[in-house]
Amino acid sequence: MSKTLTLNGQMISAREGESILDAARDAGVSIPTLCHMNGVGDVGACRMCLVELAGSGKLVPACTTKISEGMEVNSDTPQLREYRRMLVELIFSERNHVCAVCVANGNCELQDLAIHVGMDHVRYDYLYPAENVDVSHPMFGMDHNRCILCTRCVRTCDEIEGAHVWDITARGIKSHTITGLAEPWGEVNTCTSCGKCVMACPTGAIFKLGATVAEMEKDREKLAFLKNARERREWV
Amino acid sequence: MANKVKLATVWLGGCSGCHMSFLDLDEWLFDLAQQVELVFSPIADVKIFPEGVDVALIEGAVANEDNLALVKRVRACSKMIISFGDCAVTGNVTALRNILGPNNAEQVLQRAYHDVQNLQPQSPRFVVEDCVTNTLHEIVPPLLPQVLPVHAVVPVDVYLPGCPPPAPRIRAVLTQLLAGNTPQMIGREMLKFG
Amino acid sequence: MQDEVATLLEKTASTERMAQSRYSQRIQVCMGTACMALNSEQVKTALEHAVIENGIQKQCQVQRVGCPGLCSLGPMLRVIDKTITAEANEPRETLYQQITPEVAPAIVTSLTPAAQPTSALDAHRCEVADTFFKRQVKVVLEHCSHIDPERIEDYIAHGGYRAIQSVLTEWTPQRVIDSITKAGLRGRGGAGYPTGLKWATVAKANSSNGKKYVICNGDEGDPGAYMDRSVMEGDPHRVIEGMMIAAYAIGASQGYVYVRAESPLAAKRLRVAIRQAQRAGLLGNNIAGSAFHFDIELRLGAGAFVCGEETALIASIEGGRGQPRPRPPYPAESGLWGCPTLINNVETFANIAPIIDKGWEWYAGIGTAKSKGTKVFALTGQVKTSGLIEVPMGITLREIVFDIAGGIPNNRQFKAVQTGGPSGGCIPEKFLDMPVDYESLAKVGSIMGSGGMIVMDDSTNMIEVARFFMEFCMDESCGKCVPCRVGTVQLHRLLSKFVDKTATPADLIKLEGLCKLVKHTSLCGLGQAAPNPVISTLNYFREEYEQCLKPSP
């Protein structure tokens with residue numbers, strides 16, 4: 001059944017049970033996202049896709065909120081723009097993101113988002129945590145300096161590959177992405193070396209060994225394709 | 001001369017790549033020279049940052065005590081300052097030593113001047129006698145405990161990111177400024193870091 | 001069959017009452033965590049020895065009870081002496097404070113027939129009891145400190161399990177929900193959501209596999225708050241009975257009590273209570289011969305504050321990482337294992353049995369128009385008498401701070417009272433005469449919260465208070481969403497700059513902006529409420545922040 005709702009003052013139609021994000025994208029309205037990725041479940045963690053519901057003025061994540069008849073949604077208000085910029089700044093302040101020396105420079109969703117929200121500098125203090133780079137895997141590497149804890153690798157490995165090599169340990173600012181039982185990636189024998197996590201990672205945190213600055217291109221739609229192919233038998 | 005805009009460029013803790021990119025403006029530099037007077041720059045032989053500067057482009061992060069003193073003087077003497085390039089805006093590569101903790105200067109110097117040197121490892125820390133003033137001073141300014149982006153030390157008016165900022169981006173900013181407008185830093189061409 | 005349980009309850013109650021009536025003197029020793037930390041167990045042993053030594057074991061009973069509330073004066077004990085009647089033919093009750101194993105024998109000696117008047121106990125007579133208890137109304141804590149929490153018989157003798165028995169035999173689930181709704185009970189976990197409405201929602205929710213769950217949230221974690229722990233320690237059967245009534249009303253057959261492992265005594269008492277209720281046939285299949293099946297399992301949490309958030313708590317019970325998820329769907333539709341789940345706080349459940357027993361009209365008669373009943377607070381900070389109190393809704397803060405707690409010690413002035421823990425705010429002196437209810441507290445920028453109440457005198461630095469709570473939230477953030485994970489750290493850094501007096505006016509702007517961001521964009525209540533202590537201190541004590549700004553060069 002289809003439903004009608006208002007997005008940024010425009011009436012749009014959407015399928016019942018669809019998320020605000022999907023409905024908006026169908027209608028050609030882009031809402032910035034970071035932890036969302038086509039093909040894996042949503043967690044509503046990055047808060048980039050927050051939209052405002054008219055009436056209550058409540059902010060809800062577009063990725064996990066289902067549409068309903070007559071809903072009035074605003075995805076682009078001055079307030080939301082300011083919040084999104086602050087959130088991107090917070091992410092940049094959290095770890096050691098140095099675009100100039102990053103494998104994903106030019107192919108990075110975080111970098112793109114910074115441009116999108118108009119971040120010309122970070123007003124908060126950088127935290128400069130001491131992070132490791134795990135290059136124990138024969139094919140891939142993990143640079144925690146660039147990890148934004150979006151858990152896309154975790155969900156990809158769990159939901160698409162079915163190996164659940166990745167997870168998160170500790171909490172708060174000490175949260176960390178881990179492989180296996182917090183072992184070096186190369187020693188995790190459940191890893192199938194499929195490389196899907198490399199594709200899923202929005203930044204340069206997970207990369208192919210040997211890739212140098214600005215060389216690491218990622219094909220994220222492949223993951224959604226795989227999932228569609230398996231579940232809906234759509235091979236094109 | 002009097003009505004020309006007084007432009008300064010400053011080189012703090014950075015690789016001078018931003019200045020190289022500035023020089024990549026090529027023949028437009030001649031047009032620029034018609035409109036500005038370059039009053040201080042690594043490419044001009046001026047020792048003391050002058051007063052009454054209109055626009056100062058600051059390359060590099062604040063990494064040592066000389067940088068700190070200079071950036072404060074630049075702020076005090078300039079109407080508008082521009083964080084010029086990623087090191088000035090974010091700390092960038094210059095600030096990578098910050099992850100070593102709050103007191104990393106010794107570690108960094110040890111690594112750079114001893115551990116990786118095979119010929120005559122020595123610290124760049126000579127105390128020399130200044131024959132003019134007859135005082136002792138260190139030849140190399142002491143490193144700050146943490147490398148800071150410029151805006152962490154003094155207020156900044158315009159941020160011009162990029163490592164280095166491409167010449168067209170520098171030109172776009174300067175053109176807008178010379179036309180009396182606030183530069184609009186919007187979109188990939190103007191804002192991409194790295 | 002149904003009569004069997006009624007008979008069982010009656011029989012147990014009368015046997016117990018008879019056993020207790022054999023004693024004309026009773027010494028009740030507080031065995032709550034606070035008093036036990038002060039050796040009340042040794043006090044009890046010393047009392048028992050002294051009773052035997054004095055040969056009065058046939059008339060004098062030494063009893064373990066829960067917390068009477070005067071936790072700063074522990075170990076506490078109460079002597080009930082029927083041989084001496086006070087007013088209105090009531091046996092004389094005397095409260096003693098700060099009893100050591102060495103002093104204990106003197107108490108027993110004073111109860112012997114040959115006792116001589118002595119001044120040895122004068123220092124231990126609890127002088128503040130009159131004022132401390134005068135304005136309190138005990139509903140939730142009515143049995144705490146009067147019954148032995150580890151004996152189901154004692155609970156039954158005090159009217160326990162009568163409510164569930166009548167509910168099962170005479171009430172429809174709808175009538176139970178109506179009663180709770182009309183009583184006006186609201187969630188005691190802090191947000192104050194109407195309990196009856198919540199129950200009705202879960203009762204109406206469809207479960208795909210027919211299962212529904214009841215969860216008791218005992219993950220109390222506010223710094224300095226121990227209301228729920230005291231209830232679980234002092235009257236665990238009351239919580240179980242509340243859960244049973246809830247389960248009957250919504251149609252659940254399985255319940256979970258989620259207690260943090262950091263409250264081992266509460267967990268132990270609940271475990272004992274669950275086992276006793278199971279043995280008595282009050283938990284299990286065909287309870288009271290009805291078609292009602294219900295059992296309870298105890299789940300220990302590892303002590304993460306965020307697990308008090310319902311979706312995180314459910315994830316933790318399921319064995320997953322204790323992290324919240326976006327709502328909707330609310331647990332009432334899709335909770336534990338995807339089934340409709342009712343999740344209420346310990347104190348909420350402890351309010352249920354008396355509402356059923358004494359009627360919703362009685363309950364609705366206590367409190368204010370919108371906030372009914374009583375609220376338990378853990379009163380701490382700079383007051384003369386701190387401890388656990390239960391007051392009717394609508395009492396003023398001034399009555400709590402000055403009448404019950406005796407005011408501010410050391411000749412200092414009152415400055416603020418903090419309610420709601422890390423999610424609450426600081427209330428300044430001008431609102432002291434405001435009634436304590438959900439709406440009034442929210443209006444002045446704080447919350448009712450689960451019941452933490454910290455009183456501060458004029459020596460308190462409000463920025464340090466805000467920083468303390470921010471540090472707590474920063475440590476307890478689960479790290480899932482960006483604003484809470486990073487925002488709280490940046491807020492803490494900014495507050496530290498104010499404490500160190502190195503902040504600039506730009507930092508004040510950043511601080512306010514970040515508070516707004518974290519409040520509006522965080523995923524769960526932890527993050528959304530984390531800036532509250534900063535916002536409220538900025539509101540009422542802004543000059544303290546401004547005084548900390550770095551002098552311009």
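The values are calculated or read from the model by the stated rules, or taken from the named source; none is laboratory data. The structure displayed is predicted, hence computed values, not measured ones. Cβ placement follows ideal geometry from the backbone for every residue including glycine, while neighbour counts extend to all protein chains displayed.
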Query raised in the report: So which pairs qualify, if the first residue must be in the stretch A:161-185 and at positive phi, the second must be of a type in the set (D, E, K, R), the Cβ gap must be under 8 Å, and the two must be at least 6 apart or on different chains?
Result: A:164/A:158; A:172/C:475; A:172/C:476; A:172/C:485; A:180/A:187
Report task. Considering each of A:33, A:77, A:4 in turn, give the residue that is farther than 19 Å from residue A:117 by Cα and either of a type in the set (Ser, Thr, Tyr) or out of contact with any Gly (no Cβ under 9 Å at 6 or more places or on another chain) (or both). Result -> A:4
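If I go through the stretch B:155-194 residue by residue, how many of them are part of a helix (DSSP H, G or I), among the basic types (Lys, Arg) and within 11 Å of chain A (Cβ to nearest Cβ)? Quick ask: steps written out before the conclusion?
Filtering the stretch B:155-194 for residues part of a helix (DSSP H, G or I) gives B:167-178, B:188-191.
If we keep only those that are among the basic types (Lys, Arg) as well, we get B:169, B:171, B:188.
Narrowing further to those that are within 11 Å of chain A (Cβ to nearest Cβ): B:188.
Total meeting the criteria: 1.
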Requested in this report: Take the stretch A:50-108 and flag every residue that is hydrophobic (A, V, I, L, M, F, W, C), at the interface with another protein chain (Cβ under 8 Å from one of its Cβ atoms) and assigned to a loop (DSSP other than H, G, I, E, B).
Outcome: A:98, A:102
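Of the residues C:429, C:390, C:399, only one is closer than 25 Å to residue C:543 by Cα and assigned by TED's automatic domain parsing to the domain that holds residue C:442; which?
Numbers: C:390 fails: closer than 25 Å to residue C:543 by Cα; C:399 fails: closer than 25 Å to residue C:543 by Cα.
On inspection, the qualifying residue turns out to be C:429.
Got a sec? Which of C:491, C:511 is within 17 Å of residue A:94 (Cβ to Cβ) and at pLDDT 95 or above?
Values: C:511 fails: within 17 Å of residue A:94 (Cβ to Cβ).
Sole residue among the options that is within 17 Å of residue A:94 (Cβ to Cβ) and at pLDDT 95 or above: C:491.
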Query raised in the report: For residues in the stretch C:383-423 being part of a loop (DSSP other than H, G, I, E, B), surrounded by fewer than 22 Cβ atoms within 10 Å (Cβ to Cβ) and of a type in the set (S, T, N, Q), which is farthest from the chain's Cα centre (by Cα)?
Result: C:411
Query raised in the report: Quick check: anything in the stretch A:218-232 surrounded by fewer than 18 Cβ atoms within 10 Å (Cβ to Cβ), under 23 Å from residue A:109 (Cα atoms) and among the aromatic types (Phe, Trp, Tyr)?
Result: yes
Query - Search result, residues across the stretch C:204-224 that are within 25 Å of residue C:422 (Cβ to Cβ) and crowded, with 24+ Cβ neighbours inside 10 Å - result: C:215, C:216, C:217, C:218, C:219, C:220, C:222
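What are the residues in the stretch A:72-129 that are closer than 20 Å to residue A:51 by Cα and among the charged types (D, E, K, R), if any?
The initial filter retains those residues of the stretch A:72-129 that are closer than 20 Å to residue A:51 by Cα, namely A:72-91, A:109-110, A:112-119.
Selection gives A:72, A:76, A:81, A:82, A:84, A:85, A:89, A:109, A:112.
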Query raised in the report: Here are some residues: A:131, A:215. Which one is in a loop (DSSP other than H, G, I, E, B), closer than 30 Å to residue C:490 by Cα and acidic (Asp, Glu)?
Result: A:131
Report task. Would you be able to say whether some residue in the stretch C:536-545 is under 30 Å from residue A:49 (Cβ atoms), outside any loop (DSSP other than H, G, I, E, B), outside the structural domain of residue C:427 (by TED's automatic domain parsing) and hydrophobic (A, V, I, L, M, F, W, C)? Result -> yes
Query raised in the report: Which residue pairs have Cβ atoms under 6 Å apart, sit 6 or more places apart or on different chains, and have a first residue in the stretch C:478-491 that is closer than 12 Å to residue C:312 by Cβ and at the interface with another protein chain (Cβ under 7 Å from one of its Cβ atoms) and a second that is aromatic (Phe, Trp, Tyr) and assigned to a helix (DSSP H, G or I)?
Result: none
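To keep it simple, each residue is scored yes or no on (1) of a type in the set (Val, Ile, Thr); (2) surrounded by 23 or more Cβ atoms within 10 Å (Cβ to Cβ).
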{"site": "A:86", "(1), (2)": "no, yes"}
{"site": "A:91", "(1), (2)": "yes, yes"}
{"site": "A:107", "(1), (2)": "no, no"}
{"site": "A:115", "(1), (2)": "yes, no"}
{"site": "A:118", "(1), (2)": "no, no"}
{"site": "A:126", "(1), (2)": "no, no"}
{"site": "A:129", "(1), (2)": "no, no"}
{"site": "A:136", "(1), (2)": "no, no"}
Query raised in the report: In the stretch A:118-155, what residues are within 14 Å of chain B (Cβ to nearest Cβ) and among the acidic types (Asp, Glu)?
Result: A:120, A:125, A:131, A:143
Query raised in the report: Which of the residues spanning the stretch C:388-436 are of a type in the set (D, E, K, R) and without any contact (Cβ under 8 Å) to a residue 40 or more places away in the chain?
Result: C:398, C:429, C:430, C:433
**Report entry** Residue list for the stretch C:500-523, filter: of a type in the set (Asp, Glu) and not in a loop (DSSP other than H, G, I, E, B)
**Finding:** C:507, C:512
Query raised in the report: If you go through the stretch B:86-94 one residue at a time, do you hit one that is touching a strand residue (DSSP E or B) at 6+ places or on another chain (Cβ under 7 Å), charged (D, E, K, R), within 30 Å of residue C:503 (Cβ to Cβ) and surrounded by 14 or more Cβ atoms within 10 Å (Cβ to Cβ)?
Result: no
Requested in this report: Considering only the stretch C:192-256, give the helices (runs of 4 or more DSSP H) lying wholly within it that have at least 3 residues that are within 22 Å of residue C:337 (Cα to Cα), out of contact with any Cys (no Cβ under 7 Å at 6 or more places or on another chain) and modelled with pLDDT of 95 or more.
Outcome: C:195-204, C:236-250
Requested in this report: Select, from A:158, A:167, the only residue that is within 14 Å of chain C (Cβ to nearest Cβ), in a helix (DSSP H, G or I) and either buried (at least 23 other Cβ atoms within 10 Å of the Cβ) or acidic (Asp, Glu) (or both).
Outcome: A:158
Requested in this report: Would you tally the residues in the stretch A:16-30 being free of Cβ contacts under 8 Å to residues at least 24 places away in the same chain, surrounded by 13 or more Cβ atoms within 10 Å (Cβ to Cβ) and more than 12 Å from residue A:75 (Cα to Cα)?
Outcome: 3
Query - Filter result for the condition that a residue is of a type in the set (S, T, N, Q) and under 18 Å from residue C:303 (Cβ atoms), over C:263, C:253 - result: C:263
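When you scan the stretch B:47-143 for strands (runs of 3 or more DSSP E) that lie fully inside it, which ones turn up with 3 or more residues that are within 14 Å of another protein chain (Cβ to nearest Cβ) and either within 16 Å of the chain's Cα centre (by Cα) or without any contact (Cβ under 8 Å) to a residue 12 or more places away in the chain (or both)?
Values: elements: B:53-59, B:62-64, B:78-84, B:127-130, B:135-138.
In the stretch B:47-143, B:78-84 are the strands (runs of 3 or more DSSP E) which contain 3 or more residues that are within 14 Å of another protein chain (Cβ to nearest Cβ) and either within 16 Å of the chain's Cα centre (by Cα) or without any contact (Cβ under 8 Å) to a residue 12 or more places away in the chain (or both).
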Query - residue C:342, sole failed condition from (1) of a type in the set (A, V, I, L, M, F, W, C); (2) surrounded by fewer than 19 Cβ atoms within 10 Å (Cβ to Cβ); (3) touching a Lys or Arg at 6+ places or on another chain (Cβ under 7 Å) - result: (2)
